[in-house]
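Nothing in this text is a laboratory measurement; each read-out follows from the coordinates by a stated rule. Everything quoted here is computed from the prediction, not taken from an experiment. Glycine also receives a Cβ, built like all others from the backbone with ideal geometry; neighbour counts cover every protein chain displayed.
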Amino acid sequence: MSSGACILGCSGPVLTSPERALFAEVRPWGFILFARNVESPGQLRTLTASLRETVGRTDAPILIDQEGGRVQRLGPPHWGRYPPGRDYGALKGVDPLYRREIARLGGRLLAHDLATVGINVDCLPVLDVPTPGAHQVIGDRAYGDEPDEVALLGRAMAEGLLAGGVLPVIKHIPGHGRAQADSHLDLPVIEAGWEELDARDFAPFRALSDMPLAMTAHVIYAAIDRKRPATTSGSVMRTAVRGAIGFSGLVMSDDLSMKALQGGFRERAADARAAGCDVVLHCNGDLAEMAAVAEGAGRLRGLPARRAQAALARRPKAVEPFDAAAGRARFDSAFEGRFAA
């Protein structure tokens, strides 16, 4: 039986019986975790194993948003603290190779933390390029204000994650940096022309177009489609994501429960899939909403299924050898101990 073309959340630190039943029926391609699901390393290992058991796949993707800064689901006392993306770009000195080294080390440390509790996908790196006056929903999550810097550090972070056996997700394709609103709450509209978007916003995504996974932006790009955000716009998917950016990996929607989207959850999922999202993401763990999303998303077959298989194949058969204690000491030294637990 094929997987459901969806990634779903759960309500707490332990699966409920109704959740187990739904997941066994739907067989979602993957799952996503939040702070509400996290208590301790032992509890988290049990939860990730339980999630995979419901779908009968030991390689089922389990995602988390573990960026650092204000977006960090695992933290002290059981896990270390990490800086926001901006702090990698602001490291002392002008040597981009040093910044790249520390960003890669940050990704490798994050992968070590996640892999030990059964999480194999991190929704990172953020490749959005902020512009002056944009909403701070991206803000310091971005590595810098220029496409080249964002691409350099984003690739370093992604390579560190991959070296530790964790798949990166580039986000929010094709670029959230100009948005004047928070898509968790409203639908942003970007009025920039195609040339501006292609030269600045799309550039980091193009530079990392070889990555296995990408997450969409719930943003309208008026130069391409004045009615629908990227997540539900076939035009944006064809001309920007698959076209100008050249991304050929698996595309997942951002969270369908965000207020930028309209309509019921079955409709949202169906619209995202029709537009070209390979899988859809629903995060809040609401059972009724998840059932509707799964119905609208349908099954993972054909080209989307092949993209999903190719994405999972990007995980190395053996992780890069790593001394986590020594790596953490070097990392903390680079940031002068500001993020030590």
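Structure data summary
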| item | result |
| --- | --- |
| Check on Thr58, without any contact (Cβ under 8 Å) to a residue 24 or more places away in the chain and either part of a strand (DSSP E or B) or among the polar types (S, T, N, Q) (or both) | yes |
| Tabulated pairs, region 161-187, first at positive phi, second crowded, with 21+ Cβ neighbours inside 10 Å, C-beta under 6 angstrom, 6+ apart or interchain | Gly175/Asp128; Gly175/Asp201 |
| Single residue of region 113-133 satisfying the filter (outside any loop (DSSP other than H, G, I, E, B) and of a type in the set (A, V, I, L, M)) that is nearest to Arg100 (Cα to Cα) | Val126 |
| Contacts under 8 angstrom Cβ, first residue in region 228-253 being free of Cβ contacts under 8 Å to residues at least 60 places away in the same chain, partner in a strand (DSSP E or B) and among the small types (Gly, Ala, Ser), 6 or more apart | Thr231/Ser253 |
| Answer from Arg307, Arg330, Arg338 - the residue that is in contact (Cβ under 8 Å) with a residue 40 or more places away in the chain, among the basic types (Lys, Arg) and touching a Gly at 6+ places or on another chain (Cβ under 8 Å) | Arg307 |
| Residue match in region 317-336 (condition: surrounded by fewer than 21 Cβ atoms within 10 Å (Cβ to Cβ), part of a loop (DSSP other than H, G, I, E, B), of a type in the set (S, T, N, Q) and out of contact with any strand residue (DSSP E or B) (no Cβ under 7 Å at 6 or more places or on another chain)) | no |
| Restricting region 224-267 to residues that are part of a helix (DSSP H, G or I) and in contact with a His (Cβ under 9 Å, 6 or more places away or on another chain), the residue that is surrounded by the fewest Cβ atoms within 10 Å (Cβ to Cβ) | Phe265 |
| Residue in region 202-214 that is out of contact with any strand residue (DSSP E or B) (no Cβ under 8 Å at 6 or more places or on another chain), in a loop (DSSP other than H, G, I, E, B) and surrounded by 22 or more Cβ atoms within 10 Å (Cβ to Cβ) present | yes |
| Any chance Phe247 is more than 26 Å from Asn37 (Cα to Cα), out of contact with any Pro (no Cβ under 8 Å at 6 or more places or on another chain) and of a type in the set (Phe, Trp, Tyr) | yes |
| Enumeration of residues in region 20-48 that are in a helix (DSSP H, G or I), farther than 17 Å from Val166 by Cβ and out of contact with any Leu (no Cβ under 9 Å at 6 or more places or on another chain) | Arg20, Ala21, Ala24, Glu25, Arg36, Gly42, Gln43, Thr46 |
| Test result for Met258, touching a residue at least 60 places away in the same chain (Cβ under 8 Å) and out of contact with any strand residue (DSSP E or B) (no Cβ under 9 Å at 6 or more places or on another chain) | yes |
| Output for region 139-170, where each listed residue is crowded, with 23+ Cβ neighbours inside 10 Å, assigned to a loop (DSSP other than H, G, I, E, B) and not aromatic (Phe, Trp, Tyr) | Ala142, Gly164, Val166 |
| Residue in region 29-48 that is hydroxyl-bearing (Ser, Thr, Tyr), more than 17 Å from Ala308 (Cβ to Cβ) and touching a Phe, Trp or Tyr at 6+ places or on another chain (Cβ under 9 Å) present | yes |
| Of all residues making up region 261-294, the number that are in contact (Cβ under 8 Å) with a residue 60 or more places away in the chain and at positive phi | 1 |
| Sole exception among (1) assigned to a helix (DSSP H, G or I); (2) under 22 Å from the mean Cα position of the chain (by Cα); (3) touching a residue at least 60 places away in the same chain (Cβ under 8 Å) for Arg86, by number | (3) |
